[in-house]
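In what follows, a single structure is set out as structure tokens and then discussed.
The values are calculated or read from the model by the stated rules, or taken from the named source; none is laboratory data. Small disclaimer: the values here were computed from a predicted structure and weren't measured. Cβ atoms come from the backbone with ideal geometry, glycine included; neighbour counts cover every protein chain shown. Protein only, heavy atoms only, side chains kept; ligands, DNA and RNA dropped before computing areas. Shrake-Rupley method; radii C 1.70, N 1.55, O 1.52, S 1.80 Å.
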Amino acid sequence: METIIKKIDPNNIDQDIIDEFGKMIADGKTVIFPTETVYGLGANALDEDAASKIYEAKGRPSDNPLLVHVSEIEEINPLVKKIDKKAKLLMDKFWPGPLTIVFEKKDIIPYRTSGGLDTVAIRMPSDEVARRIIKSSKKPIAAPSANLSGRPSPTKAEHIINDMQGRVDGILIGGPCNYGVESTIVDLSGEYPVVLRPGSITLEMLREVLGKVELDPALMRKSDNIKAKAPGMKYKHYSPKADVYMVKGQIEDFARMVNEKNKENVSKGIKTGVLCMSKYKDLFEADVFELGDSYEEVAKNLFDELIELDQKQIDIAYAQIFEEKDVGVAIMNRLKKSAAYRLIEV
Ligand code: TXA
Ligand code: MG
């Protein structure tokens, strides 16, 4: 398949390019576009055949539902059965932005899009390029993250082009993706709201608006017995080719352990990497993949650095762990998965 690749300046948006990509969506084609979280691989959410193309391009299991993007709040009216008070509060406070809400779907949303569920997950992105494409296409856009299934979500043009060129009709490079982790997903169908996937809209922020909000228990531990309510969360995810291990303990002990291992590994021809905050980089003799200086930066950089591990052909990587509060919950959720829950205590 030939892929049209274009760049767009988010500070000076060229409406002709927006309309070209909007038309591709309206014509049932697949388009990769930037959002404020990660790049999305989009198609018309109301068109079953278009939705099928997304699954095909990603190599995604077909029971994993797609997330639907709108450009204005009113656009959800034809898509969902009802909008209750809590949903209204969340939309007023956090839309446009990185929050996805699960609603009961109307028939217009095909089961192909909802992965066979009677619900649909919807968000309104704040990224101006994303919103303008949705507006121009006059369609709600189904768009999962633009990675091959099981790989880290991409936030950088070069990573997307490497993996996806030839698999989609269009790639629109804009960005930057300011948050770097995918949107927070909230389910309001139970007695109290439940976060199905943690993100940059934190539990603390949601509680300020809604009162009691809990994390889906299936996210807290490695377990096959508890069923994750967001089907995507059950899959092995975010895995680089390197074996990633999380390391718990004092940073000096972490560094000593890695530096010893690194010596052994070098003699065996094994490449060792470290994922840590930038301030610690000088402690390590192995290849350091800097995550930045604040939790917000770590969230923004984590997927990029996981992809970089592969580009530098790292065989084994040791990762710093983070406190599980605020955006630290989202960081650790992604990191645990990329490490397949392996933890070393030093
Ligand atoms: O930030 C984001 O949300 C990005 C950008 C592109 O918008 N999109 C994204 O989509 O992360 P995706 O498909 O990679 O992740 C969507 C998650 C999956 O885990 C899926 O199982 C879950 O949302 N999901 C979708 N529809 C659902 C529903 N009706 N009920 C529960 N979970 C749902
Ligand atoms: Mg994804």
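Just one of the numbered conditions (1) within 13 Å of ligand 1 (Cβ to nearest atom); (2) not in a helix (DSSP H, G or I) is not true of Gly166: (1).
How many of the residues in the range 271-296 are open to solvent by 50 Å² or more (accessible area, probe 1.4 Å), in contact with a helix residue (DSSP H, G or I) (Cβ under 8 Å, 6 or more places away or on another chain) and of a type outside the set (Phe, Trp, Tyr)? Walk me through it before giving the result.
In the first step, residues of the range 271-296 are kept if they are open to solvent by 50 Å² or more (accessible area, probe 1.4 Å); the result is 271, 279-283, 285, 287, 290, 293, 295-296.
Now restrict to residues that are in contact with a helix residue (DSSP H, G or I) (Cβ under 8 Å, 6 or more places away or on another chain): 271, 280, 283, 285, 290, 293, 295.
Narrowing the set further to residues that are of a type outside the set (Phe, Trp, Tyr) leaves 271, 283, 285, 290, 293.
Adding up the residues that qualify gives 5.
Assess whether Ile141 counts as being within 11 Å of ligand 1 (Cβ to nearest atom), open to solvent by less than 10 Å² (accessible area, probe 1.4 Å) and over 14 Å from the mean Cα position of the chain (by Cα). Here the answer is yes, as Ile141 does meet what is asked.
I'm trying to understand the selection: among the residues of the range 144-158, which are open to solvent by 10 Å² or more (accessible area, probe 1.4 Å) and either out of contact with any strand residue (DSSP E or B) (no Cβ under 8 Å at 6 or more places or on another chain) or over 30 Å from Ala242 (Cβ atoms) (or both)? If the condition is that a residue be open to solvent by 10 Å² or more (accessible area, probe 1.4 Å) and either out of contact with any strand residue (DSSP E or B) (no Cβ under 8 Å at 6 or more places or on another chain) or over 30 Å from Ala242 (Cβ atoms) (or both), then Leu148, Ser149, Gly150, Arg151, Thr155, Lys156, Glu158 are the ones that fit.
Under the condition of being touching a residue at least 12 places away in the same chain (Cβ under 8 Å) and open to solvent by 40 Å² or more (accessible area, probe 1.4 Å), which residue from the range 324-343 is farthest from the chain's Cα centre (by Cα)? The extreme case among them is Leu343. Taking the range 39-52 as the range and being open to solvent by 10 Å² or more (accessible area, probe 1.4 Å) and in contact (Cβ under 8 Å) with a residue 60 or more places away in the chain as the test, the residues that pass are Asn44, Leu46, Asp47, Glu48, Ser52. In the set (1) under 28 Å from Asp304 (Cβ atoms); (2) open to solvent by 20 Å² or more (accessible area, probe 1.4 Å); (3) more than 16 Å from ligand 2 (Cβ to nearest atom), the condition left unmet by Val129 is number (2). Could you tell me whether any residue of the range 224-243 is at pLDDT 95 or above and surrounded by fewer than 13 Cβ atoms within 10 Å (Cβ to Cβ)? For the range 224-243, residues at pLDDT 95 or above and surrounded by fewer than 13 Cβ atoms within 10 Å (Cβ to Cβ): absent.
Could you count how many residues in the range 51-94 are more than 16 Å from ligand 2 (Cβ to nearest atom) and out of contact with any Asp or Glu (no Cβ under 9 Å at 6 or more places or on another chain)?
Going through the range 51-94, the residues more than 16 Å from ligand 2 (Cβ to nearest atom) turn out to be 52-53, 70-94.
Remaining after also requiring out of contact with any Asp or Glu (no Cβ under 9 Å at 6 or more places or on another chain): 52, 70-72, 74-79, 83-92, 94.
So the count comes out to 21.
Per the listing Lys58, Lys53, Lys29, the residue uniquely within 12 Å of ligand 1 (Cβ to nearest atom) and assigned by TED's automatic domain parsing to the domain that holds Leu117 is Lys58. Going through (1) open to solvent by 50 Å² or more (accessible area, probe 1.4 Å); (2) within 15 Å of ligand 1 (Cβ to nearest atom) one by one, Pro98 falls short only on (1).
Ser200 meets each of the listed conditions (1) at pLDDT below 95; (2) among the small types (Gly, Ala, Ser); (3) part of a loop (DSSP other than H, G, I, E, B) apart from (1).
Return the residue satisfying two criteria in turn: it lies in the range 15-34 and is in a loop (DSSP other than H, G, I, E, B) and in contact with a Lys or Arg (Cβ under 9 Å, 6 or more places away or on another chain), and of such residues it is surrounded by the most Cβ atoms within 10 Å (Cβ to Cβ).
From the range 15-34, those in a loop (DSSP other than H, G, I, E, B) are 27-30, 34; that's our starting set.
Right, trim to in contact with a Lys or Arg (Cβ under 9 Å, 6 or more places away or on another chain) and you get 28-30.
Numbers: Gly28: 16, Lys29: 19, Thr30: 27.
The qualifying residue surrounded by the most Cβ atoms within 10 Å (Cβ to Cβ) is Thr30.
What's the total number of residues in the range 92-131 that are over 14 Å from Ile73 (Cα atoms) and in a helix (DSSP H, G or I)? Summing the residues that are over 14 Å from Ile73 (Cα atoms) and in a helix (DSSP H, G or I) in the range 92-131 gives 7. If I filter the range 181-188 for residues that are open to solvent by 10 Å² or more (accessible area, probe 1.4 Å), more than 26 Å from Ala50 (Cβ to Cβ) and over 19 Å from the mean Cα position of the chain (by Cα), do I get at least one hit? Within the range 181-188, one or more residues are open to solvent by 10 Å² or more (accessible area, probe 1.4 Å), more than 26 Å from Ala50 (Cβ to Cβ) and over 19 Å from the mean Cα position of the chain (by Cα).
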